[in-house]
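Colleague: Can you keep this structure in mind? I'll have questions shortly.
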Amino acid sequence: MTKITDSIAVRGNFIKNRIVMAPMLPFSFHGDDGAFYGKQHIEHYTDRAKGGTGLIIMQGTRVSGAADSTNLWSGENIAVLKKIIDNCHGYGATIMLQLSCGDVNINELSIDEIFSMQADMKQAAISACEIGFDGVEYHFAHGFTLSKFIDASYNKRTDKYGGEAINRTRILTDLLPEIREKTHEKFIISVRMGEYLPESHDGIEVAKIFEKAGIDLLHISFGMNPPTHAIPEGFKCSPMTYSGCKIKKEVNIPVIAVNEIKTEEQVKFLIENDYVDFAAIGRGMFTDSEFANHVINGQAVRKCFGCGGSIEKCRWFTDHTLCPGRKAK
Ligand SMILES: Cc1cc2nc3c(=O)[nH]c(=O)nc-3n(C[C@H](O)[C@H](O)[C@H](O)COP(=O)(O)O)c2cc1C
């Protein structure tokens, strides 16, 4: 039986356990001296690494500016990112950076605009590797730009970026050989995506194409819209988490499931039954920086209150100090 504490190799990196911190932008954090990232970020991620998290996927980070070292890719931000990486590695965590392409209508992009986006996507991964991240996760989920490319009902392009699934994934797969050439052998390249695009067989097809193209890890959340389908009786997690279990059956690379995973029982259910390889925790990591250690040691976790009932109402979208589950420092 697989245990939560079993390490697992992803592209030669031994991730020490099966608990992942999901990528989450702490919107009300401020950088220092005009930078985007700062002490708050360092403390936040260091605490989650200290709390036993196996894999930290750092917040969605716009690729724009990567090709010319501006925006989030400027020197002062990179200095903070290096500190975060060093601290997380010091506690034995693996740390990746999520890369996002914002939210644009992909059907209106000119070929030159696509090429420019791809230049940033490619350079962002190369820079993340140079900074010291163990890998990157491309954000093909939640209705944002990259998810629109892979979604068959949204993508109306008639050029080589539209139509068949092989074309709808090209925005990334075309870049992989060049990224591999300029990053080290163990650099993890992951994709966060959904199952429904809009039909689950589309999601499965896309997942298989990414696997064949050399993606090392899949993180299954939702594509354009959260799934609402029924789940099998006795399945102890949400329909979105079940999406991850479905994709896991179809591919031979490790899969992360996410969404509303709140208890030791749920983490064990997913890992010990080999439904997926990793359980990612989102809001539960906000309220309990030691979520992983608590689960591993069979101690109660400090639960998220689920403010307002939906993710969008999470206080961390506006002002994290209002989070009722947050431990006052
Ligand atoms: C404040 C906040 C910020 C988030 N930022 C991101 C992000 O940058 N990238 C992303 O893919 N998902 C983001 N998410 C979604 C989470 O990664 C996760 O999928 C979601 O919260 C569901 O997991 P949970 O039920 O464990 O919270 C964010 C969620 C919250 C609450």
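Colleague: In the structure displayed, which of Lys303/Lys327; Lys122/Lys182; Lys148/Lys182 lie more than 18 Å apart, Cα to Cα?
Modeller: Lys148/Lys182
Colleague: Report, ordered by chain and residue number, the aspartates and glutamates lying within cross-link reach of Lys212, taken as a straight Cα distance under 13 Å and ignoring same-chain residues fewer than 8 apart.
Modeller: List returned: Asp174, Glu250.
Colleague: Determine which aspartates and glutamates satisfy two conditions relative to Lys156: a Cα distance under 19 Å, and not lying fewer than 8 residues away in the same chain.
Modeller: Asp103, Glu108, Asp112, Glu113, Glu164, Glu199, Asp202, Glu205
Colleague: Now for a separate question. For Ser153 and Asn297, what does the FRET efficiency come to when R0 = 35 Å and r is the distance between their Cβ atoms, rounded to the nearest 0.05?
Modeller: 0.20
Colleague: Taking every DSSP beta bridge that has both residues in the chain, what percent is antiparallel when rounded to the nearest 5?
Modeller: 10 percent
Colleague: Also, quick follow-up: When only alpha-carbon atoms count, how far does the chain stretch along each of its three principal axes, as whole angstroms with the largest first?
Modeller: Answer, in whole Å and largest first: 54, 52, 40 Å.
Colleague: For every other residue with a beta carbon closer than 10 angstrom to the beta carbon of His294, add +1 if it is Lys or Arg and -1 if Asp or Glu, then tell me the sum.
Modeller: After counting each charged neighbour, the total is -2.
Colleague: Further question: Using only Cα atoms, what is the ratio of the radius of gyration of the range 22-112 to 2.2 N^0.38 Å?
Modeller: Relative to the rule-of-thumb radius for its length, the range 22-112 sits at 1.19.
Colleague: Moving on. Quick one: net charge around Ile253, please, counting Lys, Arg +1 and Asp, Glu -1 for every other residue with C-beta under 14 Å from its C-beta.
Modeller: +1
Colleague: Calculate, in nm to one decimal, what Ile131 and Ala79 gain on full extension: separation in residues at 0.36 nm each, minus their alpha carbon distance.
Modeller: 17.9 nm
Colleague: Next question, about the same structure. Under a crude label model (7 Å from the Cα following the beta-carbon direction), how far is Lys160 from Ser69 in nanometres?
Modeller: 3.1 nm
Colleague: Within the chain, what is the longest stretch that has no GluC sites (Glu not before Pro) placed in a DSSP loop and near at most 14 other beta-carbon atoms within 10 Å?
Modeller: With a cap of 14 other Cβ atoms within 10 Å, the longest stretch comes to 1-163.
Colleague: Going by amide H atoms built from the backbone, whose H comes under 5 Å of the H on Arg157, apart from near neighbours?
Modeller: Residues meeting the amide H criterion: Gly163.
Colleague: Something else about it: On the protein heavy atoms, probe 1.4 angstrom, tell me the percent of accessible surface of the chain carried by carbon and sulfur.
Modeller: 49 percent
Colleague: Same structure again: About its Cα centre, how strong a charge dipole does the range 8-322 have in debye, to the nearest 20, once Lys and Arg get +1 and Asp and Glu get -1 at the Cβ?
Modeller: Roughly 520 debye for the range 8-322.
Colleague: Given just the C-alpha atoms of the range 1-158, how large is their convex hull per residue in cubic angstrom?
Modeller: Cα-based convex hull of the range 1-158, divided per residue, equals 135 Å³.
Colleague: Another question, then. So how far, in whole Å, is the C-alpha centre of the range 298-320 from the one of the range 131-189?
Modeller: What the calculation gives is 30 Å, centre to centre.
Colleague: Provide the net charge surrounding Asp274, with neighbours chosen by a C-beta distance below 13 Å and charges set as Lys +1, Arg +1, Asp -1, Glu -1.
Modeller: Overall, the nearby charge balance is +2.
Colleague: Once Lys and Arg get +1 and Asp and Glu get -1 on their Cβ, which of Gly308, Ala128, Phe144 lies farthest toward the positive end of the dipole of the range 8-322?
Modeller: Checked the options; the winner is Gly308.
Colleague: Can you list the DSSP H helices in the chain whose Cα atoms extend at least 24 Å along the helix axis and whose mean Kyte-Doolittle hydropathy is -1.0 or higher?
Modeller: 111-131
Colleague: Accessible area per residue, 1.4 Å probe, Å², for the chain: what's the number?
Modeller: Result: 42 Å² per residue.
Colleague: Oh, and also: With all protein chains present and a 1.4 Å probe, how do Lys16, Lys148, Lys186 order by accessible area, largest first?
Modeller: I get Lys186, Lys16, Lys148, largest accessible area first.
The values are calculated or read from the model by the stated rules, or taken from the named source; none is laboratory data. For clarity, every value in this text was computed on a predicted model and none was experimentally measured. Don't worry about glycine lacking a Cβ; one is built from the backbone with ideal geometry, like all the others, and counts go over all protein chains shown. Keep in mind that these areas ignore ligands, DNA and RNA; they rest on the heavy atoms of the full protein, side chains included. Shrake-Rupley method; radii C 1.70, N 1.55, O 1.52, S 1.80 Å.
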